[in-house]
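The values are calculated or read from the model by the stated rules, or taken from the named source; none is laboratory data. Keep in mind that this is a model prediction, so the values were computed, not measured. Cβ placement follows ideal geometry from the backbone for every residue including glycine, while neighbour counts extend to all protein chains displayed.
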Amino acid sequence: MKPTNLFLFLLSFLCLTLILNPPGVMAHGGEKHEKKAKPTPADTIKQEPKAFRDTIVLNDVTPAEHAGHEANPRTVHASFADFPHIHPLIVHFPIMLLMIAAAMQFLNILFQKKELNWAVTIMVLVGFVTAYASSHWSHPHTSGLSAHAELVLEQHDKYADYTVYLAGLGLLAQLLSVLVFRGQRWSIAVAAVILIGAGYAVSMAGHYGAQLVHIEGVGPQGKFLEQHQH
């Protein structure tokens, strides 16, 4: 590879990384960590009433609560029926495929390879189908959410819809690029721009989805889910 092409390759990769991972969507939202609390002096711990310490012990998980989590080699591999909802098993496909497809097609503006164009088309096809499936056919229904969790869910659903629309538009652009315009550079560039938008949308949907699960507690062990859909 010529030095000029190598430089363009690295520059393109860096730009795409910044586009798909803007600072504003990081887990901490750009906020600084709070200072760590000062450790409790040893004397304070010693003077703590015994009744308070006993309360902490009683709040630990009891054997009865833990019985369902005993090690059992026969149930290590959970079946589909064991999951509260099938949505998490499907949604990771569009997250992976659409973001990789966007990166590949962005680089293909430089290389203009027919094989890459076809590979991206197939990835976008599967990504679009699975994005539609996870948003419409296997979307979980919730109940009992807090007001804040409802706001997070609205954002998650909004970006999920954007993902479906942009992935569908990107698939159309890809089909036109490979079948009608025969991989002309401008057609690859148009498809790449749309797919970058789809990649951003699915990354934001994934961010809010992770926030619902790991911060708001929606979904683990079926919490706040209305029904099972398989």
Check L145 against each of (1) hydrophobic (A, V, I, L, M, F, W, C); (2) within 15 Å of the chain's Cα centre (by Cα); (3) over 23 Å from M104 (Cβ atoms); (4) surrounded by 14 or more Cβ atoms within 10 Å (Cβ to Cβ) and name the one condition it does not meet. (2)
Which of (1) within 20 Å of S203 (Cβ to Cβ); (2) surrounded by 18 or more Cβ atoms within 10 Å (Cβ to Cβ) does N117 not meet, given it meets every other one? (1)
Search result, residues across segment 197-226 that are of a type in the set (A, V, I, L, M, F, W, C), farther than 15 Å from A160 by Cα and surrounded by 17 or more Cβ atoms within 10 Å (Cβ to Cβ): V218, F224, L225
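Would you check if F106 is within 18 Å of V193 (Cβ to Cβ), out of contact with any Phe, Trp or Tyr (no Cβ under 7 Å at 6 or more places or on another chain), crowded, with 19+ Cβ neighbours inside 10 Å and not β-branched (V, I, T)?
Details: within 18 Å of V193 (Cβ to Cβ): yes; out of contact with any Phe, Trp or Tyr (no Cβ under 7 Å at 6 or more places or on another chain): yes; crowded, with 19+ Cβ neighbours inside 10 Å: yes; not β-branched (V, I, T): yes.
Criteria met by F106.
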Pairs where the first residue, in segment 209-230, is more than 16 Å from L89 (Cβ to Cβ) and modelled with pLDDT under 95 and the second is exposed (fewer than 14 other Cβ atoms within 10 Å of the Cβ) and among the hydroxyl-bearing types (S, T, Y), C-beta under 6 Å, 6+ apart: E226/S143
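From the list V120, V193, which one is over 30 Å from P84 (Cβ atoms), assigned to a helix (DSSP H, G or I) and touching a residue at least 60 places away in the same chain (Cβ under 8 Å)?
Numbers: V193 fails: touching a residue at least 60 places away in the same chain (Cβ under 8 Å).
Exactly one of V120, V193 is over 30 Å from P84 (Cβ atoms), assigned to a helix (DSSP H, G or I) and touching a residue at least 60 places away in the same chain (Cβ under 8 Å), namely V120.
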Please tell me if A149 is in contact with a Pro (Cβ under 6 Å, 6 or more places away or on another chain) and part of a helix (DSSP H, G or I). no
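Each row is one residue, and each column tells you yes or no for (1) closer than 25 Å to P140 by Cβ; (2) surrounded by 10 or more Cβ atoms within 10 Å (Cβ to Cβ); (3) modelled with pLDDT under 90.
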position	(1), (2), (3)
F52	no, no, yes
P63	no, no, yes
H77	yes, no, yes
P84	yes, yes, yes
P94	yes, yes, no
M99	yes, yes, no
If T130 satisfies all but one of (1) buried (at least 16 other Cβ atoms within 10 Å of the Cβ); (2) touching a residue at least 60 places away in the same chain (Cβ under 8 Å); (3) part of a helix (DSSP H, G or I), what's the number of the condition it fails? (2)
Going through segment 196-220 one residue at a time, which ones are of a type in the set (A, V, I, L, M), part of a helix (DSSP H, G or I) and touching a helix residue (DSSP H, G or I) at 6+ places or on another chain (Cβ under 6 Å)? I196, A198, A201, V202, M204, A205, L212
Search result, residues across segment 160-187 that are closer than 18 Å to G209 by Cα and crowded, with 20+ Cβ neighbours inside 10 Å: A160, T163, V164
